[in-house]
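Any read-out appearing in this document is the output of simple, stated calculations on the displayed coordinates, not a laboratory observation. Quick caveat: nothing in here was measured; it's all calculated off a predicted structure. Cβ sites come from the backbone with ideal geometry, for glycine too, and all protein chains shown count toward neighbours.
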Amino acid sequence: MTFAKTAAAFTFVLACTALAGCATGSQAIADPNKVAQIQPGKTTTKQVEDLLGKPGDVSLEANGEKVWTYQRVQQSWKAFVPGLNMTGDSMHEQNLTIRFDRNGVVKAVGAGEHKL
């Protein structure tokens, strides 16, 4: 294979990869059935970790409560094209915040999302 053909093939594969988009973070929070299983007053830290995996961020509050945060960011191919990345549908971010009491039981669950 000539250098030109190799370079063209490499460029084609690279372009296809970039245009496909990508998702980073916790894919589990995109599943509403998994998130619905988290019940305040019942679900423990171990059960949440088994269900969703390790959180992206863990905070310890002064009162001994823990706050776990999960984030998922999905980018479409439009995010990589100047001009199209401003259409409002090039990126989708989801967040899930879970507050645990001192005993490691879910106290509250909050979810949010926005598109850019």
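Label separation (residue 61 vs residue 2): 6.8 nm, computed from points 7 Å beyond Cα along the C-beta direction.
In order along the range 27-40, phi translates into HN-Hα couplings of 5, 5, 6, 7, 9, x, 5, 5, 5, 5, 6, 7, 10, x Hz, rounded to whole numbers, per the Karplus curve 6.51 cos²θ - 1.76 cosθ + 1.60 with θ = phi - 60° and x for Gly and Pro. Taken along the Cα-to-beta-carbon direction at a fixed 7 Å, the label points for residue 107 and residue 73 span 2.9 nm.
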